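S.K.: There's a structure below that I have some questions on.
Read-outs throughout are calculated quantities, based only on the coordinates presented, and are distinct from any laboratory measurement. Every value quoted in this text rests on a predicted model; they were computed, and no experiment measured them. Positions of Cβ are generated from backbone atoms using ideal geometry, with glycine treated the same way; all protein chains shown enter the neighbour counts.
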Amino acid sequence: MGDVLVYAEHRGGHFPKTTLIAVSAGLELARKRGGQCIAVLSGDGAAAAAAEIAKYGPSKVLVLEEPRLKHYLADAAAQALAGLVKKLGAETVLATATALGKDLMPRLAARMGAPMASEIIAINDDGTVVRPMYAGNALATIELDGPVRVVTVRGTAFDAAKPSASAAPIETVTPELDAAALKMEFVNFNEIKSDRQQLNEAKIVVSGGRGLKSGENFKTVLEPLVDELGAAMGASRAAVDAGFVPNDLQVGQTGKVVAPELYVAVGISGAIQHLAGMKDSKTIVAINKDEEAPIFGVADYGLVADLFKAVPEMVEAVKKLKH
Amino acid sequence: MKILVPVKRVPDPATTIRVLPDGSGIATDNVKWVINPFDEIALEEALRIKEKQGSGEVVLISVGQTAWQEQLRTGLAMGADRAILVKADSPLDTLAIARVIAKIASDEKPELIIIGKQAIDDDSNQVGQMVAELLGWPQATFASKVELADGKCTVVREVDGGLETIAFPLPAVITTDLRLNEPRYASLPGIMKARKKPLNELAADSLGVELAPKLKIKTLKTPEKRQAGRKVASVEELVQMLHTEAKVI
Ligand SMILES: Cc1cc2nc3c(=O)[nH]c(=O)nc-3n(C[C@@H](O)[C@H](O)[C@H](O)COP(=O)(O)OP(=O)(O)OC[C@H]3O[C@@H](n4cnc5c(N)ncnc54)[C@H](O)[C@@H]3O)c2cc1C
Ligand SMILES: Cc1cc2nc3c(=O)[nH]c(=O)nc-3n(C[C@H](O)[C@H](O)[C@H](O)COP(=O)(O)OP(=O)(O)OC[C@H]3O[C@@H](n4cnc5c(N)ncnc54)[C@H](O)[C@@H]3O)c2cc1C
């Protein structure tokens, strides 16, 4: 009763921090529902990732073994998981709201006729959950009915699970798939390689907006600050739309939600859609030449200045601090 | 090719949203209503496919109330051929909305459903994926490029860490991301023509699909507002503060 099945995402055997967040939320929910937290993995490298995840607190780790799950595809993964949920009698299926979690969980919910709550930020003792709506302008308390429920959790709202001394047992499961119903085919993954930290894992994020004026300026003006701070780089939608930086750097309501220790917004006005993605950061700095810019309304420290002068100065000041 | 495009009526993204004091919903006076921006992108993509192929039909579907006619007329003015308004009196959850859309799709038999990745008000990001599963069709979420050739569809998707390409046969469901295209505006002749285009209405409870919500919104509340801090006079002061006061660098 009350068991929680956590879909533990990984890529080629390595899992991002967001997966440990799913495990931690799964452990909390299982505790509140009086059940167990079980992790499930699939795809290339799943066995290696399972051995690691087993150390982070779940009661059991399951590895779905099936050639059609080698590359993640929503139709096959939803089929395999739905079969597993039925077999286990789990009450809730949970994943972090990453691109993969958002792709898979609604499909799984529909397959099981289950209600789904997206990007929850809290689990109440009575089993209700809380999620933001309207770009974070409202928090809804939600009740999910029925024998099976599906949730995704917001990566910024839960702490990552911590490793323990013991490891949970790992079992292999062979799902039965209706191959005729599987029509999706993986073609390729064009990875954007970067030596920098991942946006949703970094302690410091430096984001640039339209004020940077070009992709070239992102490189020559913003990147030195990003690197000097050992930060991850983010951007506003306007900067991404203009082609200054890749899509997956977009912070906001319809991009990534981040909550680092320090968020530095450079040449970003602070539209509600951008704020939705960063306003839970611990400390916020805004550098903008317009003193009326709404970003100053959420900034702990605001500097009204021309970024092309202020950012290089900041690089030097941070350098000095380190010596 | 026939393409079905679901359309949701949402508050204009520039609207300031206020939660009602009793937590039952949001204040809707002074709200300007528009087509969900991701649905405009979906409609634009459907229109471009039709124009490129030189034939076909673009059908809009909304699950809402009478007032939603307004957004459907805007969609017709952008170039859609006809619209279906499925009227529901009580709030529906994502799965119920997906069931209604899937039911209409099984009657209309489109080859593609192009749908916004997320509604900018409720922010669920669910309906497209649910429709795909209910119909047993492939899904390509967060599309930034769509190519059609010989009954096969190839989609580039915006995922974490890069771009993924997947391929599948039609019929299928595609959900739109921001960079797929830039939607057109309705032209004046378009607006004139839209008045005469068919807009059929039917009742959700006449479709024979399960509508009772299993997800219930109990209350809404306003999140605690973050307080603005202060302005610093120089870069030097800023870095000093970050070091000694905030202790983040
Ligand atoms: C007063 C009030 C009470 C509510 N009570 C509940 C409740 O108790 N339970 C609950 O689950 N929800 C409730 N809702 C919200 C609800 O009706 C959501 O709109 C619904 O759950 C869909 O979620 P979404 O729009 O976030 O979907 P998303 O999955 O984010 O939408 C993706 C896409 O699906 C399509 N789509 C979504 N909705 C429609 C639609 N109606 N017609 C056509 N296409 C559509 C659009 O193309 C959209 O781009 C309530 C809303 C109001 C205003
Ligand atoms: C459906 C929808 C979804 C959206 N989703 C997102 C999202 O997820 N994330 C997001 O960020 N936005 C999103 N937006 C867009 C959002 O509404 C804003 O348009 C966008 O955030 C603006 O980006 P910006 O602040 O970089 O640009 P602008 O608003 O143009 O601001 C540029 C700022 O730079 C400052 N500036 C210019 N030159 C300098 C200089 N030399 N020195 C210092 N400052 C300077 C200006 O004073 C200004 O404040 C969305 C919009 C819609 C409709």
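S.K.: For A:ASP290, which of the numbered conditions (1) near ligand 2 (Cβ under 9 Å from one of its atoms); (2) in contact with a strand residue (DSSP E or B) (Cβ under 6 Å, 6 or more places away or on another chain); (3) more than 10 Å from chain B (Cβ to nearest Cβ); (4) outside any strand (DSSP E or B) fails to hold?
M.R.: Result: A:ASP290 passes all but (2).
S.K.: Next question. In region B:206-249, what residues are among the acidic types (Asp, Glu) and either surrounded by 14 or more Cβ atoms within 10 Å (Cβ to Cβ) or touching an Asp or Glu at 6+ places or on another chain (Cβ under 7 Å) (or both)?
M.R.: B:GLU236, B:GLU237, listed by residue number.
S.K.: So, one more: Restricting to region B:141-158, name every residue that is buried (at least 23 other Cβ atoms within 10 Å of the Cβ) and either in contact with a helix residue (DSSP H, G or I) (Cβ under 9 Å, 6 or more places away or on another chain) or at the interface with chain A (Cβ under 8 Å from one of its Cβ atoms) (or both).
M.R.: B:THR141, B:PHE142, B:ALA143, B:GLU158
S.K.: May I pose another question? If I ask for residues that are away from chain B (no Cβ under 14 Å) and either of a type in the set (A, V, I, L, M, F, W, C) or under 20 Å from B:PHE142 (Cβ atoms) (or both), which ones from region A:54-84 would you list?
M.R.: Answer for region A:54-84, where residues must be away from chain B (no Cβ under 14 Å) and either of a type in the set (A, V, I, L, M, F, W, C) or under 20 Å from B:PHE142 (Cβ atoms) (or both): A:ALA54, A:VAL61, A:LEU62, A:VAL63, A:LEU64, A:LEU69, A:LEU84.
S.K.: OK, next. Of the residues that sit in region B:18-36 and are crowded, with 19+ Cβ neighbours inside 10 Å and within 16 Å of ligand 2 (Cβ to nearest atom), which one is farthest from the chain's Cα centre (by Cα)?
M.R.: The residue in question is B:VAL34.
S.K.: Considering (1) crowded, with 24+ Cβ neighbours inside 10 Å; (2) within 14 Å of chain A (Cβ to nearest Cβ), say which one B:LYS103 fails and leave the rest.
M.R.: Here B:LYS103 clears every test but (1).
S.K.: Still on this structure, I have one more. When only residues in region A:117-138 that are under 18 Å from A:GLU28 (Cβ atoms) and over 16 Å from the mean Cα position of the chain (by Cα) count, which is surrounded by the fewest Cβ atoms within 10 Å (Cβ to Cβ)?
M.R.: Ranking the qualifying residues of region A:117-138, first place goes to A:ASP125.
S.K.: So which residues in region A:202-239 are crowded, with 21+ Cβ neighbours inside 10 Å, over 14 Å from A:VAL311 (Cα atoms) and within 8 Å of ligand 2 (Cβ to nearest atom), if there are any at all?
M.R.: Residues satisfying the conditions are A:ALA235, A:SER236, A:ARG237, A:ALA239.
S.K.: Let me ask something else. Looking at B:GLU51, B:GLU40, B:GLU57, can you tell me which residue is within 15 Å of the chain's Cα centre (by Cα), among the acidic types (Asp, Glu) and closer than 19 Å to B:GLY190 by Cα?
M.R.: B:GLU40
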